[in-house]
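Beneath this line is the structure, given in structure tokens, with notes to follow.
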Amino acid sequence: MAHVWQQPLPQIYNQLSEPELRVRITLAKEQLGKRLVILGHHYQQDQVIEFADFVGDSFELSRKAAEQKGIEYVVFCGVHFMAESADILTDEEVSVILPDLGAGCSMADMANLDQTLIAWEQLQETCPGQLIVPITYMNSSAAIKSFVGEHGGAVCTSSNCRAVLEWALAQANGKVKVLFFPDQHLGRNTAYAMGYPLDRMVLWDPHQDLGGNSESALREADFVLWKGHCSVHQLFRPEHVDQVREKYPDMKVMVHPECRWEVVQKADLTGSTAYIVKQIEAAPPGSQWAIGTEVHLITRLARQHPEQKIIVLSDCQCLCTTMFRIDLKHLCWAVENLLAGNVVNEIKVDPHTRKYATIALERMLTIKASGTPTPSQIPQTVD
Ligand code: 13P
Ligand code: SF4
């Protein structure tokens, strides 16, 4: 993703005021009508969220993308891997647009296909006779999703990780090793919550032979966790929870599972961004929360729920700089170009990658939809 270059916007977009940009986006959106759907992730800025037809976490947005019929364009206000997944899940004719091509994800960049192929080969050699099921977090490139789909695995998000891992572990009468990409924290937190002790998990460092493990450690482990992380959620530390507890004894601590295991252990609640939103919506007035996730979601929830006290778990700069690249200027430029018949910043996944990434994504959607599906309900092949 790092190689992708965003062309400078025509000067006019830097000169327009915020109200002018709003008027122009509204107008373009009206004129495009049902041809266009704008999807917005919870971590987007309020000014962008205002224009989203659907707002959600990465799971909800992938489902929304899959549901769209008869449209021409999806403008994805989120990051590159989300736009790729939307391209895979929408019909071939639909163009998916990322308003700023610089909106990548440092976590997704922590696993590439070459490293994955080496890891796979080394694991197969080291663990003969063991079934290894690759599972990738949504926050990964389409190439990794495709690898996973081609090798019997599935995609997961932070809202369905447990269900997907249960599905993977139920194969081969439970004699399964999971290779989990690329977020070690989501993998570790979920496996631990399922009852697996930490010594059943090893970390795979793609820059070291055998991921930095001994052969016996790899053979013994139930989970091989890729050494990746989210630079935003990793900023939260256990002492931040201690400080909140001391200052606000009645406050509940709720964190995203991309946070470190030590933080999750100290928190009261852990869940995806959609889970966090639901908890706040259901909480009675007077509830107090310290939340460990991206700052834009937290400040939006605080504004929407003045009847509750909602603070950020720490005063670290927990802002996703790549999500933040999507702003009114880029959105305006993207939709006005669509109106003029120019598709700019289209995210297109090549046919081979698309074929197997579709399997991995559809497996995830099937698992989520029906809890624990039977093997015959899970997509195995595509035409
Ligand atoms: P969810 O949308 O799955 O909660 O993930 C958060 C995130 O980091 C998205 O990049
Ligand atoms: Fe990637 Fe973290 Fe930003 Fe999500 S919040 S897009 S995982 S860097």
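The values are calculated or read from the model by the stated rules, or taken from the named source; none is laboratory data. Keep in mind the model is a prediction, meaning the values are calculated, not measured. In this analysis, Cβ positions are derived from the backbone assuming ideal geometry, glycine residues included, and neighbour counts consider all displayed protein chains. For accessibility, only protein heavy atoms count, side chains too; no ligands or nucleic acids. Shrake-Rupley method; radii C 1.70, N 1.55, O 1.52, S 1.80 Å.
Here Lys266 is the anchor, and the aspartates and glutamates within straight C-alpha reach of less than 20 Å, apart from those fewer than 8 places off in the same chain, are Asp183, Asp199, Glu239, Asp242, Glu246, Asp250, Glu258, Glu294, Asp315.
Put simply, the Cα atoms of segment 253-375 extend 50, 46, 26 Å along their principal axes, the longest span coming first. When all protein chains stay in place and ligands, DNA and RNA are ignored, the 1.4 Å accessible-area order of Lys278, Lys34, largest first, is Lys34, Lys278. Residue order by solvent-accessible surface for Lys355, Lys252 is Lys252, Lys355, largest first, with ligands and nucleic acids left out and a 1.4 Å probe. Using the alpha-carbon positions of segment 81-137, Rg (one decimal) and Dmax (whole number) come out as 16.0, 46 Å. Of Arg24, Arg325, Arg363, the residue with the greatest mean-square motion in the GNM of the chain, using alpha carbon springs below 10 Å, is Arg24.
Is there a pair in Lys64/Lys348; Lys64/Lys177; Lys177/Lys355 whose C-alpha atoms are over 23 Å apart, and which pairs would that be? Mind showing how you got there, number by number?
Working: Lys64/Lys348 18 Å; Lys64/Lys177 32 Å; Lys177/Lys355 25 Å.
Over 23 Å apart, Cα to Cα: Lys64/Lys177; Lys177/Lys355.
Model label points for Lys252 and Lys278, set 7 angstrom from Cα along the Cα-to-Cβ axis, are 1.3 nm apart.
Out of the DSSP beta bridges found with both residues in segment 184-309, what percent are antiparallel (nearest 5)? Don't skip to the answer; put the middle values down first.
Values: 0 of 11 bridges.
Within segment 184-309, antiparallel bridges account for around 0 percent of the total.
The ellipsoid equivalent to the alpha-carbon distribution of segment 1-142 has semi-axes of 35, 18, 12 angstrom, derived from the gyration tensor eigenvalues as √(5λ) and listed largest first. Using the Cβ-Cβ distance between Thr299 and Asp114 with R0 set to 30 Å, the FRET efficiency works out to roughly 0.15. In a reduced charge model with +1 at each Lys and Arg Cβ and -1 at each Asp and Glu Cβ, the chain shows a dipole moment near 620 debye about its Cα centre.
Taking 8 Å as the Cα distance limit and 6 or more residues as the minimum spacing, I'd like the relative contact order of the chain as a percentage.
Details: 742 pairs, mean separation 83.3, N = 383.
With pairs under 8 Å counted, the relative contact order is 22 percent.
Would you tally the net charge around Thr322, using a Cβ to Cβ cut-off of less than 13 Å, leaving Thr322 out, and scoring K and R as +1, D and E as -1?
My count for the surroundings of Thr322 gives -3.
Between segment 67-113 and segment 197-259, the alpha-carbon centres lie 28 Å apart. The orientation-averaged projection of the convex hull spanning the C-alpha atoms of segment 125-211 amounts to 5.9 square nanometres.
The label point for Arg245 and the one for Thr321, both projected 7 Å from the Cα toward the Cβ, are 3.3 nm apart.
Rolling a 1.4 Å probe over the protein heavy atoms gives segment 207-332 an accessible area of 45 Å² per residue.
With the full set of protein chains in place, find how many percent of the accessible area of segment 41-93 is carbon and sulfur; take the probe as 1.4 Å. Provide the component values of the computation, followed by the final result.
Values: 770 of 1710 Å².
Solvent-exposed carbon and sulfur of segment 41-93 make up 45 percent of the total.
Ile347 contributes about 10 Å² of solvent-accessible surface, heavy atoms of the protein only, 1.4 Å probe. Note on segment 177-336: Cα-only Rg and Dmax are 18.3, 58 Å. In the elastic network of the chain, a GNM with C-alpha springs shorter than 10 Å, the most mobile of Glu84, Glu336, Glu93 is Glu93.
Which FRET efficiency value, to the nearest 0.05, is calculated for Glu346 and Glu307 with the Förster distance at 51 angstrom and r the Cβ-Cβ distance? Calculated value: 0.75.
Remark: accessible surface ordering of Thr116, Thr358, Thr321 (largest first) is Thr321, Thr358, Thr116, probe radius 1.4 Å. Rg of the Cα atoms in segment 202-269, relative to 2.2 N^0.38 Å, amounts to 1.46. Of all DSSP bridge pairs formed entirely within the chain, close to 5 percent run antiparallel.
How much length, in nm to one decimal, is gained on full extension between Glu125 and Asp199, taken as 0.36 nm per residue of separation minus their Cα-Cα distance?
Numbers: separation 74, 0.36 × 74 = 26.64 nm, distance 2.19 nm.
Full extension from Glu125 to Asp199 adds 24.5 nm.
Each residue of segment 308-314 was assigned a 3J(HN,Hα) from its phi angle through the Karplus curve 6.51 cos²θ - 1.76 cosθ + 1.60 (θ = phi - 60°); the sequence is 10, 9, 10, 10, 7, 4, 8 Hz, with glycine and proline shown as x. Taking the chain as a Gaussian network of alpha-carbon nodes connected by springs under 10 Å, the highest mean-square fluctuation of the residues Gly212, Gly56, Gly149 belongs to Gly212. Each Lys and Arg Cβ is given +1 and each Asp and Glu Cβ -1; about its Cα centre, segment 207-360 then shows a dipole of about 340 debye.
Each principal axis of the chain carries a Cα extent, and these read 63, 57, 37 Å when sorted largest first.
Please work out the average accessible area per residue across segment 48-92, using the 1.4 Å probe convention, and give it in Å². The partial results should precede the final answer.
Values: 1400 Å² over 45 residues.
Using a 1.4 Å probe on heavy atoms only, each residue of segment 48-92 averages 31 Å².
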